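Enquirer: Quick one: this structure, given as structure tokens, is what I'll be asking you about.
Readers should treat all values here as calculations from the given coordinates under stated rules, not as data from a laboratory. Worth saying up front: this structure is predicted, and the values here are computed from it rather than measured. Here the Cβ positions follow ideal geometry from the backbone for every residue, glycine too, while neighbour counts run over all protein chains shown.
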Amino acid sequence: MAYMLTRIAVDDYDSWKRTFDDGRDSVRATAKGHRILRAVDEPGELFIQVEFPTTDDARHAREALFASGALERVRVKAGPTVAEPAELVEY
């Protein structure tokens, strides 16, 4: 299991979300799922976590994301970064 993590800022969440959903076939074709979190005090600031079965799948998706031009339409604050779980603790 691997993740692609990205932190961005958008002006219009609804418009951005439509574009994000349209990327399912290309960028997230092998994804198992995703999570989008919005900052409470700045709802235009988003944290996106996309889960992939393998690190290679996540790396390919990262390259597809760069090639798509989607990152040019938002303010990238961090990432996209490919990461693997180091620890998972549930309470």
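Enquirer: Just to confirm my numbers, what's the Cα centroid distance between the range 6-37 and the range 61-91 in Å?
Expert: Each part reduced to its Cα centre gives a spacing of 10 Å.
Enquirer: Can you tell me which of 52-61, 24-33 comes out highest on packing, and rank the rest after it, using the mean Cβ neighbours within 10 Å?
Expert: Highest to lowest by the protection proxy: 52-61, 24-33.
Enquirer: Let me ask another. Mind pulling the per residue volume of the convex hull built on the Cα atoms of the range 43-91? Å³ is fine.
Expert: For the range 43-91, the hull spanned by Cα atoms encloses 101 Å³ per residue.
Enquirer: So, one more: For Cα pairs less than 8 Å apart in space and 6+ apart in sequence, what is the mean separation divided by the residue count of the chain, i.e. the relative contact order in percent?
Expert: 47 percent
Enquirer: Follow-up. Residue separation times 0.36 nm, minus the C-alpha to C-alpha distance between Ser15 and Glu42: what's the value?
Expert: The span from Ser15 to Glu42 would gain 8.1 nm if fully extended.
Enquirer: Rounded, prolate or oblate for the range 2-82? Axes are the square roots of the Cα gyration tensor eigenvalues, ordered a ≥ b ≥ c, and the cut-off for rounded is a/c under 1.5.
Expert: It is prolate, given that a/c is not under 1.5 and a/b is the larger ratio.
Enquirer: Right, something else. Can you run phi through the Karplus equation (6.51, -1.76, 1.60; θ = phi - 60°) for the range 9-15 and list ³J(HN,Hα) in whole Hz, with x for Gly and Pro?
Expert: With the stated coefficients, the range 9-15 comes to 10, 10, 7, 9, 4, 4, 5 Hz.
Enquirer: Along the range 24-41, what does the Karplus equation 6.51 cos²θ - 1.76 cosθ + 1.60 (θ = phi - 60°) give for ³J(HN,Hα), rounded to whole Hz, x for Gly and Pro?
Expert: Residue by residue, the range 24-41 yields 4, 6, 9, 6, 10, 4, 9, 5, 8, x, 8, 9, 10, 10, 10, 5, 5, 8 Hz.
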